[in-house]
Amino acid sequence: MIRVIGVPGALALLLYVLVVIVVGIQLYFKTSSWLRKLEGVLPHPDSGSAAGYTLLALALSTIIELGALYGFRNSPLLIASAFPFIVGFTEEGSKLIPYFRRGGDILLRWRLSLRVALYFAIVEAVLYAIYLLLVGNILGVFLRIIVIMFHVSFTAIALCGALSGARIWGYLKAAILHALYDAPVFVLLGIGEDLPVLFTVILSTVGVVYTYNFVDRAFMTPYTLAMERMEEKKREGEAEAGPTGGSFTSLP
């Protein structure tokens, strides 16, 4: 049950929701633009693999998170402090399974993991939206649509680290950003006091803004690698074709 908080905590939560809405809308267009830009330069994974890994990610996340909720059922403090990180580390890890478990081309694995992140976010949003519609929470439905691209962005940030040779750091960053994004709700549910809510909202707002500012770099990394690969193939093709043109003379 949501606890009653004072005016400062309520205003902080309201401000955070507004920040999420504004940043989420901008993030939606920015991420969609990058996905279209990458469409023509990255290899295409098959839809069956993406669907299978999505189901695996959803199953793992559901089992771990429900188990954690059951374990924390008598500890509001753990729900407020630990559960957001369990969600962040579990969901970001499960979406990265295709990248870390499959062999072969890193750009193909990158795109497969990002597609899993997109499918994961859509399925999660639909399930939440159904429940929120049943209870009449229209604002909640709108927010669930917005967070679709937050999911994609978190995974892109993790994969940026992987492509740059910092797999663990990329995963940790994405998981922490995800945890911070969710934290205000669980702090409200678990503690419900103004000071913890205010402190959490400040940290979470920093995380949301950082996600938005970093996402260009996260997508630029695979784009740069793909363009370098295309240029390399072009040079190899020209080298195999040999020199063309020029003038020739025949000697008697």
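The values are calculated or read from the model by the stated rules, or taken from the named source; none is laboratory data. Quantities reported herein were computed from a predicted structural model and do not represent experimental measurements. For neighbour counting, all protein chains shown are included, and Cβ atoms are generated from backbone atoms with ideal geometry for every residue, glycine included. Each accessible area value is taken on the protein alone, full model and side chains, heavy atoms only, with ligands, DNA and RNA left out. Shrake-Rupley method; radii C 1.70, N 1.55, O 1.52, S 1.80 Å.
For (1) hydroxyl-bearing (Ser, Thr, Tyr); (2) over 25 Å from residue 226 (Cβ atoms); (3) in contact with a helix residue (DSSP H, G or I) (Cβ under 7 Å, 6 or more places away or on another chain), each residue gets a yes or a no:
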| site | (1), (2), (3) |
| --- | --- |
| 55 | no, yes, no |
| 62 | yes, yes, no |
| 92 | no, no, yes |
| 96 | no, no, yes |
| 113 | yes, no, yes |
| 124 | no, yes, no |
| 136 | no, yes, no |
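What are the residues in the stretch 28-43 that are farther than 20 Å from residue 109 by Cβ and touching a residue at least 60 places away in the same chain (Cβ under 8 Å), if any?
Our first condition is that a residue be farther than 20 Å from residue 109 by Cβ; within the stretch 28-43, this holds for 28-30, 32-33, 36.
Within the stretch 28-43, 28, 30, 32 qualify.
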_Please verify whether residue 11 is open to solvent by 10 Å² or more (accessible area, probe 1.4 Å), part of a helix (DSSP H, G or I) and either under 16 Å from residue 147 (Cβ atoms) or at pLDDT 95 or above (or both), treating the condition exactly as stated._
no
*State yes or no: is residue 62 surrounded by fewer than 20 Cβ atoms within 10 Å (Cβ to Cβ) and either not basic (Lys, Arg) or not in a loop (DSSP other than H, G, I, E, B) (or both)?*
yes
*Scope the stretch 65-88; condition buried (at least 18 other Cβ atoms within 10 Å of the Cβ) and either under 18 Å from residue 114 (Cβ atoms) or among the charged types (D, E, K, R) (or both); matching residues*: 88
*asked:* Taking the criterion of being assigned to a loop (DSSP other than H, G, I, E, B), open to solvent by 10 Å² or more (accessible area, probe 1.4 Å) and not small (Gly, Ala, Ser), would at least one residue in the stretch 131-148 satisfy it?
replied: yes
*Output the residue which, of all residues in the stretch 19-53 that are in contact with a Leu (Cβ under 9 Å, 6 or more places away or on another chain) and assigned to a helix (DSSP H, G or I), is farthest from residue 103 (Cα to Cα).*
21
*Keeping to the stretch 89-122, report how many residues are surrounded by fewer than 18 Cβ atoms within 10 Å (Cβ to Cβ), among the charged types (D, E, K, R) and within 19 Å of residue 223 (Cα to Cα).*
1
